[in-house]
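The block underneath contains the structure these notes are about, expressed in structure tokens.
The values are calculated or read from the model by the stated rules, or taken from the named source; none is laboratory data. Just so it is clear, the model here is predicted, and its values are computed rather than measured. For neighbour counting, all protein chains shown are included, and Cβ atoms are generated from backbone atoms with ideal geometry for every residue, glycine included. The protein model used for the area step is the full one, side chains on, heavy atoms only, and it has no ligands, DNA or RNA in it. Shrake-Rupley method; radii C 1.70, N 1.55, O 1.52, S 1.80 Å.
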Amino acid sequence: MAISTNKGSPDGLGKRKEESIQSERLAFTGRIAASIAHEIRNPLGNVSMCVQLLRGAFTEDSPWAKHIDVIIRNTERINFLITELLNCARPPKLNIQPHDIHEILEGILDFIKTKTGSQQIEVSKGFNSQIPPINVDKEQIGRAFSNVILNAVESMPDGGKMTIITEIEEDFLVVKIQDTGEGIPEDDIIMIFDPFFSTKSSGTGLGLSTTYGIIASHDGTITVESERGNGTVFTISLPVR
Ligand SMILES: Nc1ncnc2c1ncn2[C@@H]1O[C@H](COP(=O)(O)OP(=O)(O)OP(=O)(O)O)[C@@H](O)[C@H]1O
Ligand SMILES: [Mg+2]
């Protein structure tokens, strides 16, 4: 069975209502997350500074040095998570310029080609050559596509096929990123855009919530359809203007 975040009635009303509930929920979660993250940042900065000073008092061979290094690594990790959370709750001001979307996608594919190669993932591109330059923040949109593409790659640890299709539908650029991976269980699909939802041992769970924020800030939409055992397709639509 195919499932989607925006299942709705045929007239689209149900769909719009569900999308608006979803974005209100995200906006609320985002505000709470941003205030918590903000409050944690200052005391964390103090811990980080003091522990760096403390580390300077011990030589490399001191048995205490390795414990302090663990504290330093973990404060850095917390700082990274907090920064990511703040970014996804309040995406930075956009620098909108016309860009070739295929160049952005090719750049990402080039960056991960060692990974796709070693995992034996076949990459198939169905790029529509008629697509005009699209007004986007290159860095942010690149990040949004990377998150979805990396998830596709991570869903196929034993190989598979990733298909990326671009097309124009009315006034929208539509990018479909499809994988033949494990799929997303029906109970999970409603949570995948929530901050910190992850089923991976080393995932932060911020990839898709950041992506959602970036796409929404470009007045676009992102939807997902997945079938357990048969793979997943994410569809990102961005206005052509
Ligand atoms: N293509 C996919 N196939 C299967 N599951 C997916 C796919 N994309 C997302 N998911 C599910 O959604 C969850 C959330 O994805 P998200 O990118 O937000 O976090 P993550 O990948 O776990 O960690 P990270 O923050 O490092 O990206 C994943 O843990 C996974 O369970
Ligand atoms: Mg991810």
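Points to keep in mind about this one:
- Residues in segment 191-241 that are open to solvent by 20 Å² or more (accessible area, probe 1.4 Å), assigned to a strand (DSSP E or B), within 11 Å of ligand 1 (Cβ to nearest atom) and among the β-branched types (Val, Ile, Thr): Val233 alone.
- Looking across segment 173-190 at every residue that is open to solvent by 70 Å² or more (accessible area, probe 1.4 Å), part of a loop (DSSP other than H, G, I, E, B) and more than 6 Å from ligand 1 (Cβ to nearest atom), the one that is farthest from Ala152 (Cα to Cα) is identified as Ile190.
- Restricting Gly205, Gly220, Gly213 to residues that are of a type outside the set (Asp, Glu) and touching an Asp or Glu at 6+ places or on another chain (Cβ under 8 Å) narrows the list to Gly205.
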